[in-house]
Amino acid sequence: LFCWQITASSRHYVDRLFDPDPQKVLQGVIDMKNAVIGNNKQKANLIVLGAVPRLLYLLQQETSSTELKTECAVVLGSLAMGTENNVKSLLDCHIIPALLQGLLSPDLKFIEACLRCLRTIFTSPVTPEELLYTDATVIPHLMALLSRSRYTQEYICQIFSHCCKGPDHQTILFNHGAVQNIAHLLTSVSYKVRMQALKCFSVLAFENPQVSMTLVNVLVDGELLPQIFVKMLQRDKPIEMQLTSAKCLTYMCRAGAIRTDDNCIVLKTLPCLVRMCSKERLLEERVEGAETLAYLIEPDVELQRIASITDHLIAMLADYFKYPSSVSAITDIKRLDHDLKHAHELRQAAFKLYASLGANDEDIRKKIIDTENMMDRIVTGLSESSVKVRLAAVRCLHSLSRSVQQLRTSFQDHAVWKPLMKVLQNAPDEILVVASSMLCNLLLEFSPSKEPILESGAVELLCGLTQSENPALRVNGIWALMNMAFQAEQKIKADILRSLSTEQLFRLLSDSDLNVLMKTLGLLRNLLSTRPHIDKIMSTHGKQIMQAVTLILEGEHNIEVKEQTLCILANIADGTTAKELIMTNDDILQKIKYYMGHSHVKLQLAAMFCISNLVWNEEEGSQERQDKLRDMGIVDILHKLSQSPDSNLCDK
């Protein structure tokens, strides 16, 4: 009975929208408006019963009075305030074109009602931003409406800041005069207008040098924008305003419009963001503060040093793991529940900021690692269910793994390689790229983790990465193998060659990515070091390796690539039996001769290494080799080079 009553009363509201008497229709819409406020059940019922198409019809009908149209827009806005499903239903009925059409009306109250409804719909996560840009006349019209009232200003700025995603949107808004039209709103009497205008500038400036360079020189009431932003991040301003103006200044700085040593960054923006990390602040403020600060200091070691000694920041971040709720929210049970559900966002933000802090400075890394249980926390982060937290934890570890000292101590004590190998098993690409890059560091020769990593199947895993579609993964896979092969024993080298296969090695030597090619040559060079190893590998793979060397020396490659390749030849020339592969290959000998006379000193030096390794007196067969090279005219070239102005070349 109860269910039937609700549906019956809802049906009654919808039926009244079809009354032939316009006055009764208006009263019906007003009653409907009062019935749906704050009542999600009622909203859902009315949508199911087909109220939306009728309301949209009345909204667009020429004969409807302005009052009726306005009330229809208000009810639609109220329906949109409900659940995401409500918004989907409204979108399915093509509400956006209808409301945008409504903005052409001369009546301000109706325009405001349409804008309020549009604001509610565009701020919903289910609405595609593109719908704002489909019709090219919309943005200029919205710019023109900015001058009509404080409500049009608030709603339009809010729509812009929600729908500006990426450089294309930024350019459209910028080209339609967003900066000039919105700047003066920063001094509006309405706090909401000031706040929405500020948000607009933060999304317009993000990673956009063109917008940022323009903002630096904009004057509002005789004051430059950066100065206005600085005033807005003072301690007496609301937190939301402080945070958003700090973001504006951060984004302008990262886009190159403000120097990193400018006072507005060092003395204002950075301390403001550190304040946001305090445990007095609400969870979202702490998350946003830490993430923005991480972004600000990421490329600049001086800012990293300043941040690390501001307000005990490193210790303050440790609280991100212990106290998800702010001190002020302890009495609010709903808040506590919300914060526990979102605690992972805090951990992610802390990892991001630690990664930025420790990006360059050894002392800061040590401070981070010495913070209570920090290594355990990061290692735990590697296996969290949230991909974002895992990614942030891997990035944090990667940043700390740039330290030789830490690789030898903390990373060893905590057997970091174990969870890392687990992360590498089946992670999304963005995590794989960072995790494999960190593995490169753990495989450097002074890292004690090298042995256990080898035993846990790393060779196969890395060889697998070299076959990835993603060039960053191919580079990291081959780079890690190169580090693994450095000063390694014969068995490891044989494992690498076997797992990688000669076919794959040659595929990598013809890779379109220069980094992949360079690291593959580095791997070959490391495999072909120490005599017994050189002879062993050349006895099994000599023919293919000589072919590859020939191809590269003949190809269109840069100086670095050719130099690496000649160094590989010099290593082969150092072998006992491997030498013969060069001496019996006239093509290669001619190439060495050619590079001795090259215009680039690096290549001349590398070619000379090959010669000196071939003619070494103490070694068997040196006489025959010397004779052959003398016949080729090598001695004449050496005479010429001994007159070289380059002292290195001359000595050699």
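The values are calculated or read from the model by the stated rules, or taken from the named source; none is laboratory data. These numbers come from a predicted model, not from an experiment. Note that we place each Cβ from the backbone using ideal geometry, even for glycine, and neighbour counts take in every protein chain shown. To get the accessible areas, we keep the full protein, side chains included, count just its heavy atoms, and leave off ligands, DNA and RNA. Shrake-Rupley method; radii C 1.70, N 1.55, O 1.52, S 1.80 Å.
Potential lengthening of the chain between Asp221 and Lys279 amounts to 17.2 nm, from the contour at 0.36 nm per residue minus the alpha-carbon distance. Among the trypsin sites (Lys or Arg not before Pro) found in the range 52-157, those both in a DSSP coil and sparsely packed, with 14 or fewer other Cβ atoms within 10 Å of their Cβ, are Arg148.
On a straight-distance basis, which aspartates and glutamates could pair with Lys536 in a cross-link, Cα separation under 15 angstrom, same-chain partners fewer than 8 positions away excluded? Counting by Cα, and skipping residues close in sequence, Lys536 has these aspartates and glutamates nearby: Glu489, Asp495, Asp574, Glu580. Computed from point charges on the beta carbon alone (+1 for Lys and Arg, -1 for Asp and Glu), the dipole magnitude for the chain about its Cα centre is near 1480 Debye.
Compute the angle between helix 239-254 and the longest alpha-carbon principal axis of the chain, please, reported from 0 to 90 degrees and rounded to the nearest 10. Once rounded, one gets 40 degrees.
The GluC sites (Glu not before Pro) of the range 7-72 meeting both criteria, a DSSP state outside H, G, I, E and B (loop) and at most 12 other C-beta atoms within 10 angstrom of the site's C-beta, are Glu62. Average accessible surface for the chain: 45 Å² per residue, computed with a 1.4 Å probe over protein heavy atoms with every protein chain in place. In the chain, a dipole from Cβ-located charges (positive for Lys and Arg, negative for Asp and Glu) runs towards its positive end, and of Pro238, Ser468, Thr70 it is Thr70 whose Cα lies farthest in that direction. The length gained by stretching the chain between Ala8 and Tyr323 to full extension, at 0.36 nm per residue less their Cα-Cα distance, is 108.4 nm. The range 512-555 and the range 218-275 have Cα centres lying 54 Å from one another. Roughly how tilted is helix 429-442, in degrees to the nearest 10 and between 0 and 90, from the longest Cα axis of the chain? Orientation of helix 429-442: about 40 degrees from the principal axis. Note down the net charge around His176, summing +1 for each Lys or Arg and -1 for each Asp or Glu among other residues with Cβ under 14 Å from its Cβ. Summing Lys and Arg as +1 and Asp and Glu as -1 gives -2.
What is the calculated FRET efficiency for Thr409 to Thr530, with r their C-beta to C-beta distance and R₀ = 25 Å, to the nearest 0.05? Mind showing how you got there, number by number?
Working: r = 29 Å, r/R0 = 1.18.
E between Thr409 and Thr530, to the nearest 0.05, is 0.25.
When only Cα pairs under 8 Å and 6 or more residues apart are kept, what is the percent relative contact order across the chain?
Value for the chain: 5 percent.
Calculated from the alpha-carbon coordinates, the range 1-134 shows an Rg and a Dmax of 14.2, 48 Å respectively. How tilted is helix 586-596 with respect to the longest principal axis of the chain? Cα atoms for both, answer in degrees (0 to 90, nearest 10). Helix 586-596 sits roughly 70 degrees off the main axis of the chain. Protein heavy-atom surface of the chain, 1.4 angstrom probe: 53% of the accessible area is carbon and sulfur, with nucleic acids and ligands not counted.
Full extension of the chain between Val601 and Ser190 gives 141.1 nm of extra length, using 0.36 nm per residue less the Cα-Cα distance. Protection proxy ranking, highest mean first, for peptides 450-463, 547-560: 450-463, 547-560, where packing is the per-residue count of other beta-carbon atoms within 10 Å, averaged. Using 31 Å as the Cα-Cα cut-off, could you pick out the over-long pairs in Lys493/Lys640; Lys602/Lys628; Lys352/Lys422; Lys199/Lys367; Lys33/Lys247? Listed pairs above 31 Å: Lys493/Lys640; Lys199/Lys367; Lys33/Lys247. When the GluC sites (Glu not before Pro) in the range 251-339 are filtered for DSSP coil states and for at most 14 other beta-carbon atoms within 10 Å of their beta-carbon, the remaining sites are Glu280. A prolate overall shape is assigned to the range 548-635, the ratio a/c of its alpha-carbon gyration tensor axes (a ≥ b ≥ c) being 1.5 or greater and a/b exceeding b/c. Scaled against 2.2 N^0.38 Å for its residue count N, the alpha carbon radius of gyration of the chain is 1.32. Overall form of the range 496-652: oblate. Here a/c, set by the Cα gyration tensor axes a ≥ b ≥ c, is 1.5 or more, and a/b is not larger than b/c.
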